[in-house]
Amino acid sequence: MVYATSDGVGARKLRVGMIGGGRDAFIGAVHRLALRLDDRIELVAGALSSDPERAKLSATDLGIDPDRAYSSYQEMADAESSRADGIEAVIIVTPNHLHAPVARAFLKAGIDVICDKPLSATLAEAEELADLADRSGLVFAVTLNNTGYAMVREARAMVASGALGKIRIVRAEYIQDWLTLPIDADGHKQAEWRTDPARAGRSACLADIGVHAYSLAQFVTGMVPERIAADLTTFVPGRRLDDNAHVLMRYAGGARGVLIASQVSPGNLNRLSLKIYGEKAGLEWFAHEPEVLHFTPFGEPTRTLVRGGPGVGAAAAAVSRMPAEHPEGYVEGFANLYRDAAALIAARRAGQTPDAALVASVPNVHDGLKGMRFIEAAVDSHKADGTWITLAA
């Protein structure tokens, strides 16, 4: 793939800055690995921690010029938007409650945004961001990273081709066990903020992992539920937000779905899966074996499709780096999103119209908004004892 930039075709790397993701942060390091993988993006600035000293030390760790190591996102937005060599996009990897204010500041500064999920802590913030992003004309990508796997792209293409026939059943699951004990109450950094309503929002389990399963199902099927009914549970005494969720989904045209998210299921370190069944065939994908799709036409043996192998089409090939059975996985999926987002940003800055397939491959602010509407409706349904809630269009 050729990347156009404002300086010409493939002339230079995209300059980016990062908010959050400093020392001891998990997801920031993953984002940095991903953005480096294709050598198209350069991290040149950051406000990497809310603690000024930690922010400075974190910038030093990453080789960021001390003059571009900022103590706050507001300072960074002001300074970078005024530089001739300022950042062209910001990456947001903070706790949920900061996503909206940080994104808002950089959109207003004219800087494209790449934001971790969920889009925000509240639905009102998400709707405001979608409106602001639309009016700005800037790129706003949301790193729903599981949409970047090669065989997820292949699954999407197969569904769109009609290989499964009319979709009847959608089953999305994301199961973990890391919150089985009250580690949040013991001060575990990652657990503590994810279960804090002030920083996580109205849900913990759905905002952290459920939204991944929901967005994965939406990405592959192209369908959004019309109505949902949810049962959320907090199994660990004293925990302030849910740690388990069961959600029923009804789609236009009669399809039915179920989403299960759990962070208190012993024996499951990180099990994400998607199963789709249609009139003609079934399709199954598991994140712990991301190179494989299981495709079963009704009445026939299951076909195991392997990335790079026979029967696998252009959708997977377009985002593959290695030959078959040279394993690709989690970081590569993230990197595919970064590569595509960088191409979108470069095209916008060059005044070019990007290919429609490229646009469709990158979850955007409206996909993030759909995820927030799902979380909000699920919490409302649970509070109404599992009442069916209509999702806003």
- prompt: Can you spot a residue in segment 170-177 that is among the β-branched types (Val, Ile, Thr), farther than 30 Å from Ala252 by Cα and surrounded by fewer than 23 Cβ atoms within 10 Å (Cβ to Cβ)?
  reply: no
- prompt: Among (1) touching a strand residue (DSSP E or B) at 6+ places or on another chain (Cβ under 8 Å); (2) farther than 26 Å from Asn244 by Cα; (3) crowded, with 21+ Cβ neighbours inside 10 Å, where does Gly165 come up short?
  reply: (3)
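Can you tell me which residue is surrounded by the most Cβ atoms within 10 Å (Cβ to Cβ) among those in segment 291-312 that are in a strand (DSSP E or B) and of a type in the set (A, V, I, L, M)?
Step one: of segment 291-312, the residues in a strand (DSSP E or B) are 292-297, 303-306.
Applying the additional criterion that residues be of a type in the set (A, V, I, L, M) yields 292-293, 305-306.
Working: Val292: 14, Leu293: 24, Leu305: 22, Val306: 16.
Going through the qualifying residues, I end up with Leu293.
Given the criteria touching a Leu at 6+ places or on another chain (Cβ under 9 Å), modelled with pLDDT of 95 or more and closer than 26 Å to Tyr330 by Cβ, does Ala89 qualify?
On the way: touching a Leu at 6+ places or on another chain (Cβ under 9 Å): yes; modelled with pLDDT of 95 or more: yes; closer than 26 Å to Tyr330 by Cβ: yes.
It is true that Ala89 is touching a Leu at 6+ places or on another chain (Cβ under 9 Å), modelled with pLDDT of 95 or more and closer than 26 Å to Tyr330 by Cβ.
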- prompt: What strands (runs of 3 or more DSSP E) lie completely within segment 1-115 and have 1 or more residues being of a type in the set (D, E, K, R) and under 23 Å from Val365 (Cβ atoms)?
  reply: 14-20
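Go through Gly8, Gly20 for me and flag whichever is modelled with pLDDT of 95 or more, assigned by TED's automatic domain parsing to the domain that holds Val142 and at positive phi. Quick ask: steps written out before the conclusion?
Working: Gly8 fails: modelled with pLDDT of 95 or more.
That would be Gly20, the only listed residue that is modelled with pLDDT of 95 or more, assigned by TED's automatic domain parsing to the domain that holds Val142 and at positive phi.
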- prompt: Does Gly253 satisfy the criteria of being part of a loop (DSSP other than H, G, I, E, B), over 20 Å from the mean Cα position of the chain (by Cα) and surrounded by fewer than 16 Cβ atoms within 10 Å (Cβ to Cβ)?
  reply: no
field: Among (1) out of contact with any Asp or Glu (no Cβ under 6 Å at 6 or more places or on another chain); (2) under 21 Å from Met158 (Cβ atoms); (3) β-branched (Val, Ile, Thr); (4) outside the structural domain of Gln218 (by TED's automatic domain parsing) - the single one Val319 does not satisfy
entry: (4)
- prompt: Any residue in segment 218-231 that is in a strand (DSSP E or B), at pLDDT 95 or above, closer than 29 Å to Gly329 by Cβ and of a type outside the set (Gly, Ala, Ser)?
  reply: no
task: Consider Ala360 carefully, then state whether it is out of contact with any Ser or Thr (no Cβ under 9 Å at 6 or more places or on another chain) and not polar (S, T, N, Q).
output: yes
Pair list, Cβ under 6 Å, 6 or more apart: segment 115-137 residue over 21 Å from Thr195 (Cβ atoms), other residue aromatic (Phe, Trp, Tyr): Ala133/Phe140
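Residue by residue through segment 348-369, note down the ones that are over 16 Å from Phe219 (Cβ atoms) and assigned to a helix (DSSP H, G or I). Steps first, please.
First, the residues of segment 348-369 that are over 16 Å from Phe219 (Cβ atoms): 348-355.
Hits for segment 348-369 are Arg348, Arg349.
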Contacts under 9 angstrom Cβ, first residue in segment 267-294 being without any contact (Cβ under 8 Å) to a residue 24 or more places away in the chain, partner surrounded by fewer than 19 Cβ atoms within 10 Å (Cβ to Cβ) and outside any strand (DSSP E or B), 6 or more apart: Glu284/Thr302; His288/Leu269; His288/Asn270; His294/Thr302
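The values are calculated or read from the model by the stated rules, or taken from the named source; none is laboratory data. Model, not experiment: these values are computed from the prediction. Cβ atoms come from the backbone with ideal geometry, glycine included; neighbour counts cover every protein chain shown.
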